[in-house]
Amino acid sequence: MQESITSGASLDRLKRITRHFDQNYIQPGKIPGAVTLVARHGKVLWCEAQGLRDVERNLPMERDTVFRIYSMTKPITSIAMMQLYEQGKFLLNDPVHKYIPSWRSLQVYKGGRYPDFETEPATTTMTIRDLMTHTSGLTYGFTERTEVDAAYRQLKLDGSSILTLDKLVDRLAELPLEFSPGTAWNYSVSTDVLGYLVELLSCKPLDAYFREHIFEPLGMTDTGFQVRPDQQERFAACYLYQPGDTMKLQDDPERSRYLKQPKFLSGGGGLVSTIDDYFRFAQALCQGGEYQGQRIIGRKTLEFMRLNHLPGGKDLPGLSIGGFSETPYAGSGFGLGFSVKTDVASSATIGSEGEFGWGGLASTSFFVDPVEDMVVIFMTQLMPSSSYPIRQDLRALVYGALN
């Protein structure tokens, strides 16, 4: 009883999370398993592992299971970039071509197919803010919406065994944008370009920068671009949604590319992590940039990042041209590295104004609610993240437990 009073949440009601996911997702074979964490006022109230991390080998999901977090890498890269901002390394309105000269005369798609595109000059100049808010005009190959993203797929710009950050930047200079920067929102490789800029501005490889300035200060010992040999037995299998609400193995943990150090250090989606490691990062964001005496970003910088930075104060429905996002469009804007809830009623999902977070392609997600002083993290391994309304379900269950 005292625990419920001090935490401001009902532990009995939080137990609904386990029952719900077991009955509606795990037992029917929709997802392999999950780990869910709820923290309030800096304390973990609920952390439960259920189901399997590897269905084929009948291995249980555990609290220290290692997950592919995909686009939950993006907030980490954005924090790294803003650490450099705090050091005076760049300004948000700096043109990107100041740091990548080959991007000085970017073109916008008008017609045709790769490599015979018809283009016209961009009417605006791409800034670093455009990269941080996905208003750059770049795209992703996997969206399969336009001739431009078809070129991304042909050139394997979403990631391949031969891609590097240098090659990505060089090839993007040769391709047209989807639109003039700052005129629309489209989920994209923008954060991978930010990873390149982190390397350029810090004179360090991205993995080394993350390790020295974020992971080691926060004690994130299980997060990186590679699954180390000592982590392999904890590494989860990843599954792909199949019609009929079933799944098939997508990435075997014993043969995964994550077992080797990648050439392409993807700031947009390359990291693996555990729920407790990511909690340390998310809790630092919840506490104004500091966790257990280690500050990774200034309080005012983080407040600035959490504002809606979309042009004209618009929300995602008013600016998005693509069909993919790791958050529902309605009621959300976009800050410097994550979505920001701007209108709770319009979102049709329970929450608080100013709440921020993001998710990953394999259905992982997190959000921070500063109003409730709460962090919620969900880890599973099913692609794509749009397969089921898991994130909306989780919100109802978590907020329903608050006193």
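The values are calculated or read from the model by the stated rules, or taken from the named source; none is laboratory data. No experiment lies behind these values; they were computed from the predicted model shown. Using ideal geometry, Cβ is built from the backbone for each residue, glycine included, and neighbour counts are taken over all protein chains shown. Just so you know, the surface numbers come from the protein's heavy atoms only, side chains and all, with ligands and any DNA or RNA stripped out. Shrake-Rupley method; radii C 1.70, N 1.55, O 1.52, S 1.80 Å.
Structure above, values below:
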quantity	calculated
Pair list, Cβ under 9 Å, 6 or more apart: segment 230-244 residue without any contact (Cβ under 8 Å) to a residue 60 or more places away in the chain, other residue outside any loop (DSSP other than H, G, I, E, B) and open to solvent by 40 Å² or more (accessible area, probe 1.4 Å)	233/59; 242/248
Any hit, segment 232-253, residues being more than 21 Å from residue 58 (Cα to Cα), outside any strand (DSSP E or B) and among the polar types (S, T, N, Q)	no
Helices (runs of 4 or more DSSP H) wholly inside segment 1-91 that include at least 2 residues being within 25 Å of residue 326 (Cα to Cα), at pLDDT 95 or above and of a type in the set (A, V, I, L, M)	11-21, 74-86
Selection count where residues are in contact with a strand residue (DSSP E or B) (Cβ under 8 Å, 6 or more places away or on another chain) and either open to solvent by 10 Å² or more (accessible area, probe 1.4 Å) or under 27 Å from residue 214 (Cα atoms) (or both), scope segment 224-252	18
Per-region count, segment 269-297, residues crowded, with 17+ Cβ neighbours inside 10 Å, at negative phi and more than 17 Å from the chain's Cα centre (by Cα)	5
Hits in segment 254-267 (condition: in a loop (DSSP other than H, G, I, E, B) and either open to solvent by 70 Å² or more (accessible area, probe 1.4 Å) or in contact with a Cys (Cβ under 6 Å, 6 or more places away or on another chain) (or both))	254, 255, 260, 261, 263
Test: residue in segment 119-141 that is of a type in the set (S, T, N, Q), open to solvent by 30 Å² or more (accessible area, probe 1.4 Å) and either in a helix (DSSP H, G or I) or modelled with pLDDT under 95 (or both)	no
Any chance residue 180 is among the polar types (S, T, N, Q), within 21 Å of the chain's Cα centre (by Cα) and assigned to a loop (DSSP other than H, G, I, E, B)	no
Matching residues, segment 334-353, being of a type outside the set (Val, Ile, Thr), buried (at least 18 other Cβ atoms within 10 Å of the Cβ) and either farther than 14 Å from residue 184 by Cβ or modelled with pLDDT under 95 (or both)	335, 336, 337, 338, 339, 341, 347, 351
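Here's the yes/no breakdown for (1) in contact (Cβ under 8 Å) with a residue 24 or more places away in the chain; (2) under 30 Å from residue 103 (Cβ atoms); (3) acidic (Asp, Glu):
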site: 184; (1), (2), (3): yes, yes, no
site: 192; (1), (2), (3): yes, yes, yes
site: 218; (1), (2), (3): yes, no, no
site: 227; (1), (2), (3): yes, no, no
